[in-house]
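Novice: My structure is below; once you've seen it, I'll send some questions.
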Amino acid sequence: MEERIIRGGKKGQQTTQKNRINEDITGKEVRLIDIDGEQAGIVSLRDAQAMADEAGVDLVEISPNAEPPVCKVMDYGKFIFEKSKELKEQKKKQKQIQIKEIKFRPGTDDGDYNVKLRSLRKFLEGGDKAKITIRFRGREMAHQEIGIALLNRIKTDLEDISSVESFPNRVEGRQMVMMMAPVAKK
């Protein structure tokens, strides 16, 4: 089966046409479904084409592998439009979860802590995952317990809307990373 490329829509966008229409349909007989969606039975390809021309629409091959092939009398442009509309609706319903990162330091002040905590709360309530990074510099590496205490504080402050996916048990390089995911809404 030969595939046609139809150009349209946004510049450079291509869609492949999977259904053969009108003169592209091969075979002597087809199982026909008329414009109302009713089974018309097995008819010759010429008769089916004549019915489509009479109705002013296209003859579209729906199931080419069936014996004989199943064809439907319909407006092909409208059919493609409806199909693309359905695909857009499906894409719209899919929510892509993103990972948002907030960086803290072991000496993060209370004011800054509260601002960053509000941001984390907003991300988690929006359905995104959060990555909390504690970055150590210089002599701060000797006081890793401060970083763990800060992560525990964040964990307790956000336990009502999130759960911890991974909690660090050691420093990786010069940072500690904790992953949090939003709790499923009931």
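Computed from the coordinates by the stated procedures, all read-outs in this text should not be read as laboratory data. Keep in mind it's a predicted model, so treat the numbers as computed, not measured. In this analysis, Cβ positions are derived from the backbone assuming ideal geometry, glycine residues included, and neighbour counts consider all displayed protein chains.
Novice: Where does each of R174, R135 land when they are ranked from fewest to most other beta-carbon atoms within 10 angstrom? Spell out each step's value before the answer.
Specialist: Working: R174 12, R135 15.
Final ranking by Cβ density, sparse to dense: R174, R135.
Novice: Return the calculated 222 nm mean residue ellipticity for the chain, to the nearest 500 deg cm²/dmol, obtained by summing -39500 (n - 2.57) across DSSP H runs with n ≥ 4 and dividing by the residue count.
Specialist: It comes out at -10500 deg cm²/dmol, rounded to the nearest 500.
Novice: If you count the DSSP beta bridges with both ends in segment 99-182, what percent of them are antiparallel, to the nearest 5?
Specialist: The antiparallel proportion sits near 65 percent.
Novice: Let me make sure I get this right: for the chain, a, b and c are the square roots of the gyration tensor eigenvalues over alpha carbons, sorted descending. Under 1.5 in a/c it's rounded, otherwise prolate if a/b > b/c, else oblate. Which is it?
Specialist: prolate
Novice: In the structure shown, do any of K18/K78; K91/K155; K85/K131; K116/K155 have a Cα-Cα gap over 25 Å, and if so which? Intermediate results must be reported in sequence, preceding the final value.
Specialist: Values: K18/K78 15 Å; K91/K155 33 Å; K85/K131 36 Å; K116/K155 13 Å.
Table pairs above 25 Å Cα-Cα are K91/K155; K85/K131.
Novice: Please give the net charge around P106, taking every other residue with its beta carbon less than 14 angstrom from that of P106, where Lys and Arg add +1 and Asp and Glu add -1.
Specialist: Net charge in that neighbourhood comes out at +3.
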